[in-house]
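The structure under discussion appears below in the form of structure tokens.
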Amino acid sequence: MIRFTLVIMFMIPAFTFADTILFGDSKNGGKLHQTSCTACHDSKVYTRKDRKIRSINGLEGRVELCSINLNTHYTDEQNSDIVKYLNDNYYQFK
Ligand code: HEC
């Protein structure tokens, strides 16, 4: 029982402070982004001072929305790849 309690004690902080874990493939996301996402805006919208996206959830929502705009019908997996790419290269949300 003591051992079990110790394990739990060490696990809680590990979960609480873990970085956001994104499972996408950044490299593939980069390719998709290159082909589909530069028609209306370039990457400056991700780095401008008053950029709108403030959280990883916001980023996921925006990518989905822009993806729909585009009519590309990317799968959830492809959208995740793009989110990962954008987060790694621009937003860097933890
Ligand atoms: C049909 C035009 C269009 C296409 C194509 C498009 N977007 Fe957008 N995107 C917009 C508009 C409009 C905005 C809002 C700009 C603003 O708020 O000034 C935007 C904003 C964004 C933002 C938020 C930037 C910020 O302020 O932080 C992200 C992220 C984004 N787009 C991602 C994508 C991705 C990923 C793709 C490719 C799947 C894509 N966009 C393709 C029109 C487009």
| message | At a 10 Å Cβ-Cβ cut-off, how would you order ASP81, ASP50, fewest neighbours first? | response | ASP50, ASP81
| Dipole magnitude of segment 22-91 about its Cα centre, charges +1 at Lys/Arg Cβ and -1 at Asp/Glu Cβ only, in debye to the nearest 20? | 420
| said: Please rank HIS41, HIS33, HIS73, fewest neighbouring Cβ atoms within 10 Å first, as an exposure proxy. | reply: HIS73, HIS41, HIS33
| query | Taking the Cβ-Cβ separation of ASN57 and ASP88 as r and a Förster radius of 25 Å, what is the calculated FRET efficiency to the nearest 0.05? | reply | 0.90
| request: Count charges around ARG48 for me, please; just the other residues with Cβ under 15 Å from its Cβ, Lys/Arg as +1, Asp/Glu as -1. | output: +4
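Readers should treat all values here as calculations from the given coordinates under stated rules, not as data from a laboratory. Just so you know, these numbers come straight off a predicted model, no measurement behind them. Note that we place each Cβ from the backbone using ideal geometry, even for glycine, and neighbour counts take in every protein chain shown.
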